[in-house]
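Asks: Just dropping this structure here.
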Amino acid sequence: MKKIFTRAITGVVLVALLVSAILFSPFSLFFLFGLVLVFGMIEFFGLFNETNNVKANKTLGIAIGLLFYCITCLYAIGYVSIAAYLLVVPLLSITFIVELYRKFDNPFQNIALTFLGVIYVAIPFSLLILNGFNSASIAGYSATVILGFFFLQWASDTGAYLVGISIGKHPLFKRVSPKKSWEGFVGGVVITQLIAVVISKYFTVLTVVDWVVIATIISIFGVLGDLVESLLKRSLNVKDSGTILPGHGGILDRFDSVICSAPIVFLYLQLKTAIILF
């Protein structure tokens, strides 16, 4: 009972912080997810460094990820051009050079893990931020797109969980996550679609078709993101990615669905914009 209460309190506080940051201003959104990104990367590198002989360069990895994220935020509000991403290139090269002097075993595995932290954590959260902008300026910020994204993500997670524990019988991916079921997956998809239609009535910045497509992406790739993180933890023989969120585990445990779904939603919105402009 105590664990359930702790989990509920943490969930309420997290949702309140997230919604407040999204609605208050783009800068509060930038700050919150900047923290999420840093703590997420610390968790990611910590998982590997504590369980095997691979030693990622945490400092450089976080620096690259944070620089990429900051450039993305500045690009989103029109303060820099896309050419600013070239600033990341020297840090990528430096990562190889620094490994010459670290004198650890498995140098190229260390480099690969350093870059993987950027790819797995920093890039998805950066693309999530871009989903909230329909033009490169502060005026182009649309809180409802980000808010709608999370409403659909929560609907998918909650729907899949409730249907799964109620009638779930057929394992979705037993080798990785025995508790997930096909019934839960389908239930999550259906519930997310229904919520998408409701959202479209109030968040009119996107059409009902857009929201339904986004709901489909989230309900499919969100589950895949969850499975990928489960695969990561199972391969490293750990239960949670961290302990920063009481009752929920770590940042990666809480945002695993977002990590896979946000980039695909970004791709969809970009393709839609390109088709309209064409």
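Each value in this text was obtained by applying a stated rule to the coordinates, not by laboratory testing. Values in this document were obtained by computation on a predicted structure and should not be read as measured data. Using ideal geometry, Cβ is built from the backbone for each residue, glycine included, and neighbour counts are taken over all protein chains shown.
Asks: Could you order the peptides 113-125, 88-100 from most to least packed, using the average number of other C-beta atoms within 10 Å per residue? Mind showing how you got there, number by number?
Replies: Working: 113-125: 21.1, 88-100: 13.2.
Sorting 113-125, 88-100 by mean packing, highest first, produces 113-125, 88-100.
Asks: Turning to a different aspect of this structure: Where a Cα-Cα gap under 16 Å defines reach, which lysines qualify for LYS58, not counting those fewer than 8 residues away within the same chain?
Replies: Once the sequence-local lysines are set aside, what remains near LYS58 is LYS103.
Asks: Taking the Cα centre of region 171-278 as origin and charging only Cβ (+1 Lys, Arg; -1 Asp, Glu), how large is the dipole, in debye to the nearest 20?
Replies: It works out to roughly 240 debye.
Asks: Taking the alpha-carbon centroid of each part, what is the distance from region 149-191 to region 228-249 in angstrom?
Replies: Comparing the Cα centres of region 149-191 and region 228-249, I get a distance of 19 Å.
Asks: Is any helix in the chain, taking whole DSSP H runs, at least 30 angstrom long along its axis by alpha carbon and on average at least 1.6 on the Kyte-Doolittle scale, and which ones? Intermediate values should be presented prior to the final figure.
Replies: Values: long enough: 2-24 (33 Å, 1.81); 26-49 (34 Å, 1.90); 143-167 (36 Å, 1.35); 182-202 (31 Å, 1.29); 208-236 (41 Å, 1.49); 251-277 (38 Å, 1.39).
Flagged H segments are 2-24, 26-49.
Asks: Placing unit charges on C-beta atoms (Lys and Arg positive, Asp and Glu negative, everything else neutral), compute the dipole magnitude of the chain about its Cα centre in debye, rounded to 20.
Replies: Charge dipole, the chain, about its Cα centre: 540 debye, nearest 20.
Asks: So, one more: Spin-label point model (7 Å from Cα, Cβ direction): what's the ASP240 to HIS170 distance in nm?
Replies: For the pair ASP240/HIS170, the computed spacing is 3.4 nm.
Asks: Over the chain, what is the relative contact order in whole percent, taking alpha-carbon pairs under 8 Å and six or more residues apart?
Replies: Relative CO of the chain lands at 20 percent.
Asks: Let me ask something else. I need to check one value: relative contact order of region 26-140, counting alpha carbon pairs closer than 8 Å and at least 6 residues apart, in percent.
Replies: 41 percent
Asks: For LEU271 and LYS201, what is the calculated FRET efficiency with R₀ set at 35 Å and r taken between the beta-carbons, to the nearest 0.05? If you can, show how the numbers build up before the last one.
Replies: On the way: r = 25 Å, r/R0 = 0.70.
Once rounded, the FRET efficiency stands at 0.90.
Asks: Which listed residue (SER142, ILE259, VAL198) has the Cα farthest towards the positive end of the charge dipole for region 142-278, taking +1 on Lys and Arg C-beta and -1 on Asp and Glu C-beta about the Cα centre?
Replies: So the residue furthest toward the plus end is ILE259.
Asks: Another question, then. What does the extension gain come out to for VAL228 and VAL15, with contour length at 0.36 nm per residue minus their alpha carbon separation?
Replies: Length gained, VAL228 through VAL15: 74.3 nm.
Asks: Lysine pairs in region 142-278 with alpha-carbon atoms under 18 Å apart, 8 or more places apart or on different chains: how many are there? Mind showing how you got there, number by number?
Replies: Details: LYS169/LYS179; LYS169/LYS180; LYS174/LYS233; LYS174/LYS239; LYS179/LYS233; LYS179/LYS239; LYS180/LYS233; LYS180/LYS239.
Qualifying lysine pairs in region 142-278: 8.
Asks: Hey, another quick one. Which number do you get for Rg(Cα) / (2.2 N^0.38 Å) in region 26-140?
Replies: 1.14
Asks: Another question, if that's okay. What base-10 log of the normalised intensity I(q)/I(0) is obtained for region 142-278 from the Debye formula, alpha carbons as equal point scatterers, at q = 0.16, 0.17, 0.19 Å⁻¹?
Replies: -0.84, -0.93, -1.09
Asks: Given the rule -39500 (n - 2.57) for each run of at least 4 DSSP H residues, summed and divided by the residues of the chain, what is its mean residue ellipticity at 222 nm, to the nearest 500 deg cm²/dmol?
Replies: Here the helix-only value at 222 nm equals -25000 deg cm²/dmol.
Asks: The chain: Rg/Rh from Cα coordinates, Kirkwood Rh?
Replies: Computed over Cα atoms, the ratio is 0.98.
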